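The values are calculated or read from the model by the stated rules, or taken from the named source; none is laboratory data. Source: prediction; values computed, not measured. Positions of Cβ are backbone-derived with ideal geometry, glycine not excepted, and every protein chain shown enters the neighbour counts.
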Amino acid sequence: MDEALLKQRFYDIEENYKTIMHNLSEAAIKSGRKPEDVRFMAVTKTVDSIYINHALSLGIDLIGENRVQEFLGKRDELKLDGVEKHLIGHLQTNKVRQIVGEVDMIDGVDSVKVAKEIGKVSQKKGIITDVLVEVNIGGEESKFGLDPSQLYETVCEISEIEGIKINGLMAIPPICTNEDENRKFFANMYTMFLDIKAKKLDNVSMNILSMGMSDDYASAVLEGSTMVRVGSSLFGRRVY
Ligand SMILES: *Cc1c(COP(=O)(O)O)cnc(C)c1O
């Protein structure tokens with residue numbers, strides 16, 4: 001590997017991280033919260049372990065991967081002491097068996113079916129798996145996530161499944177909308193989050209509202225996000 005290139009990329013990651021932390025703090029304060037009230041997740045999909053480890057050395061303590069195989073394949077190369085690991089995005093039912101017990105949270109539960117499978121495998125392993133329920137805020141057919149109109153009933157149904165615990169919600173807004181539109185989606189999402197939280201359902205702690213990615217994390221935090229998931233703004237554009 002080209003030494004100069006490696007150094008340049010390490011430097012870029014450091015600078016990107018500083019910028020993001022600065023923007024996040026500012027947005028948190030503007031939204032009436034403290035910087036530490038918003039958690040930063042580094043999304044590590046397609047990123048080589050050497051760069052992930054460099055990012056972790058800067059103090060990042062939460063990573064998200066969305067491909068089961070990729071995560072299991074590279075995690076032995078990662079310095080994961082004290083680092084929380086989440087699986088993000090859509091999870092196929094047939095992959096559940098491989099990932100339950102291997103991550104700290106599954107952030108993309110988007111059906112009762114996959115929730116039941118997570119519960120079943122967790123019970124077999126004698127554990128309780130923490131999850132976030134994924135909401136399709138844009139209502140687009142192409143994207144995974146629960147329809148907002150069915151969210152409450154589905155959360156109730158999932159909350160009754162043994163072996164699983166709901167910790168909050170995760171959302172991805174529609175792509176190609178402008179900042180104002182995005183903020184509306186995030187604001188709606190925050191309202192849903194508060195509504196469900198107020199119901200105080202058994203086995204549900206509405207503590208995490210995961211929304212905001214590279215292009216819109218500041219807007220998401222202004223509207224109440226408690227966790228942002230950032231990949232390309234930290235590591236650079238993904239090449240595949
Ligand atoms: C890839 C991914 C992200 C990060 O996307 P960036 O735009 O690169 O920040 C966030 N959330 C999910 C579910 C993803 O799959």
Quick test for you: out of I118, I99, pick the one residue that is over 30 Å from G236 (Cβ atoms) and more than 14 Å from the ligand (Cβ to nearest atom). I118
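Does R229 satisfy the condition of being at pLDDT below 95 and not acidic (D, E)? Before you say what the answer is, go through the steps one by one.
Details: at pLDDT below 95: no; not acidic (D, E): yes.
No, not satisfied.
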Scan the stretch 137-160 and tell me whether some residue there is under 23 Å from F40 (Cβ atoms), in contact (Cβ under 8 Å) with a residue 40 or more places away in the chain and in contact with a Pro (Cβ under 9 Å, 6 or more places away or on another chain). yes
Output for Cβ contacts, cut-off 6 Å, separation at least six or different chains, first residue polar (S, T, N, Q) in the stretch 161-182, second in a loop (DSSP other than H, G, I, E, B) and surrounded by 14 or more Cβ atoms within 10 Å (Cβ to Cβ), reads N182/P173; N182/D216
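When only residues in the stretch 171-192 that are modelled with pLDDT of 90 or more and of a type outside the set (F, W, Y) count, which is nearest to L87 (Cα to Cα)? Steps first, answer last, please.
Going residue by residue through the stretch 171-192, those that are modelled with pLDDT of 90 or more are 171, 183-192.
Checking which are of a type outside the set (F, W, Y) leaves us with 171, 183-184, 187-189, 191-192.
Working: A171: 14, R183: 25, K184: 26, A187: 25, N188: 24, M189: 21, T191: 25, M192: 23 Å.
The extreme case among them is A171.
Conditions tested, residue by residue: (1) under 27 Å from D48 (Cβ atoms); (2) within 16 Å of the ligand (Cβ to nearest atom); (3) among the small types (G, A, S); (4) surrounded by 18 or more Cβ atoms within 10 Å (Cβ to Cβ).
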residue	(1), (2), (3), (4)
N182	no, yes, no, yes
F186	no, yes, no, yes
Y190	no, no, no, yes
K199	no, no, no, no
S214	yes, yes, yes, no
G224	no, no, yes, yes
R237	yes, yes, no, no
Could you tell me whether any residue of the stretch 123-135 is within 16 Å of the ligand (Cβ to nearest atom), in contact with a Pro (Cβ under 8 Å, 6 or more places away or on another chain) and under 17 Å from M206 (Cα atoms)? yes
If you check R97, R33, R67, which single one turns out to be among the charged types (D, E, K, R) and at pLDDT below 95? R67
Here are the criteria: (1) under 18 Å from G138 (Cβ atoms); (2) among the hydrophobic types (A, V, I, L, M, F, W, C); (3) at pLDDT 95 or above. Tell me which single one A218 does not satisfy. (1)
